[in-house]
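Encoded as structure tokens, the structure appears first; notes follow it.
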Amino acid sequence: MSQLLKLYLFAYNSLQAFGWTVSLVRILTSFIATNSVNGAYASAGDLICLLQTCAFLEVVHGAIGIVPSGVLFPLMQWSGRTHFLLAIVRQIHEVQEVPAVFITFFAWSLTEVIRYSHYALNIFGGCPFWLTYLRYTTFIVLYPMGLAPGEMWLMYQALQFIKEKNLYGDFFANLPFSYYSFVTVVLLIYPFLWLNLYLHLFKQRRSKLGKHHKKKN
């Protein structure tokens with residue numbers, strides 16, 4: 001990999017790590033100041049929407065082969081999160097203050113601070129083992145936290161508002177199903193799609209942490 005490409009990847013991952021750190025600080029500051037979880041979207045929602053939209057670059061990185069992640073898993077994660085954020089949370093003000101937003105944003109932010117910091121430091125081979133361990137261990141708790149009481153619970157709560165508002169009714173007018181039906185199906189298949197990503201991370205964990213133990217031996 002060329003030095004210029006390494007610098008680009010370092011800059012991208014460092015900026016993402018910084019952005020998610022800011023979002024995490026904003027979420028926690030709001031929680032401490034108000035003693036409430038209701039301000040998570042107001043404090044960090046716009047920033048998280050921007051960071052998540054920019055994360056499409058990771059799909060591009062995998063597609064053109066400058067990182068070894070491939071396309072499928074980055075695309076699955078990006079599309080699921082982006083749909084949740086931009087199509088549902090950002091558009092339905094009634095769900096922006098529910099606890100599920102706080103849970104999701106906290107789990108995402110902490111995960112991404114660790115993940116992007118790990119990627120950035122790994123570009124030049126300077127990542128400490130403790131950060132690698134966190135990268136491939138904290139997901140065991142944070143991913144299910146973000147999924148069940150976070151994303152899925154919020155989408156379920158949003159269904160009534162999707163139906164009442166006939167959300168995206170014009171777009172779905174010529175289709176044989178409504179957006180309400182689409183989200184309902186997404187909710188049903190979400191755990192199965194998520195499980196593929198979750199198991200993939202366990203494979204990565206065995207590979208990455210296993211290499212370290214082999215080197216020590």
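Of the numbered conditions (1) buried (at least 16 other Cβ atoms within 10 Å of the Cβ); (2) among the small types (Gly, Ala, Ser); (3) closer than 28 Å to GLN160 by Cα, SER14 satisfies every one except a single condition; which is it?
Going through the list (1) buried (at least 16 other Cβ atoms within 10 Å of the Cβ); (2) among the small types (Gly, Ala, Ser); (3) closer than 28 Å to GLN160 by Cα, SER14 breaks only (3).
Would you please list the contacts, defined by Cβ atoms under 6 Å and residues six or more apart or on different chains, that run from a residue in region 119-132 that is under 13 Å from LEU9 (Cβ atoms) and β-branched (Val, Ile, Thr) to a residue that is part of a helix (DSSP H, G or I) and open to solvent by 30 Å² or more (accessible area, probe 1.4 Å)?
These pairs meet every condition: ILE123/LYS6; ILE123/PHE10.
Could you tell me whether any residue of region 116-125 is outside any loop (DSSP other than H, G, I, E, B), touching a Cys at 6+ places or on another chain (Cβ under 6 Å) and open to solvent by 40 Å² or more (accessible area, probe 1.4 Å)?
yes
Would you check if ALA40 is under 22 Å from LEU154 (Cβ atoms) and either hydrophobic (A, V, I, L, M, F, W, C) or loosely packed, with under 13 Cβ neighbours inside 10 Å (or both)? Lay out the reasoning, then the answer.
Details: under 22 Å from LEU154 (Cβ atoms): yes; either hydrophobic (A, V, I, L, M, F, W, C) or loosely packed, with under 13 Cβ neighbours inside 10 Å (or both): yes.
Taking the combined requirement at face value, the residue satisfies it.
For region 141-156, enumerate the residues that are open to solvent by 50 Å² or more (accessible area, probe 1.4 Å) and either touching a strand residue (DSSP E or B) at 6+ places or on another chain (Cβ under 9 Å) or touching a residue at least 40 places away in the same chain (Cβ under 8 Å) (or both). Give the steps one after another, and end with the answer.
Applying the first criterion (open to solvent by 50 Å² or more (accessible area, probe 1.4 Å)) to region 141-156 yields 141, 145, 148-149, 153, 156.
Of everything in region 141-156, those that are open to solvent by 50 Å² or more (accessible area, probe 1.4 Å) and either touching a strand residue (DSSP E or B) at 6+ places or on another chain (Cβ under 9 Å) or touching a residue at least 40 places away in the same chain (Cβ under 8 Å) (or both) turn out to be MET145, PRO149, TRP153.
Only residues in region 58-72 that are within 12 Å of MET1 (Cβ to Cβ) count as the first member; pair them with residues that are among the charged types (D, E, K, R) and surrounded by 14 or more Cβ atoms within 10 Å (Cβ to Cβ), Cβ under 9 angstrom, at least 6 apart or cross-chain, and list the lot.
Filtered contacts from region 58-72: VAL67/GLU58.
In the set ASN166, ASN196, which member is surrounded by fewer than 13 Cβ atoms within 10 Å (Cβ to Cβ) and of a type in the set (S, T, N, Q)? Explain how you work it out, then say what you get.
Numbers: ASN166 fails: surrounded by fewer than 13 Cβ atoms within 10 Å (Cβ to Cβ).
Among ASN166, ASN196, only ASN196 is surrounded by fewer than 13 Cβ atoms within 10 Å (Cβ to Cβ) and of a type in the set (S, T, N, Q).
The values are calculated or read from the model by the stated rules, or taken from the named source; none is laboratory data. Since the model is a prediction, treat every value here as computed from it, not as a measurement. Backbone-built Cβ (ideal geometry, glycine too); neighbour counts: all protein chains shown. Please note that ligands, DNA and RNA were not included when accessible areas were found on the heavy atoms of the full protein model with its side chains. Shrake-Rupley method; radii C 1.70, N 1.55, O 1.52, S 1.80 Å.
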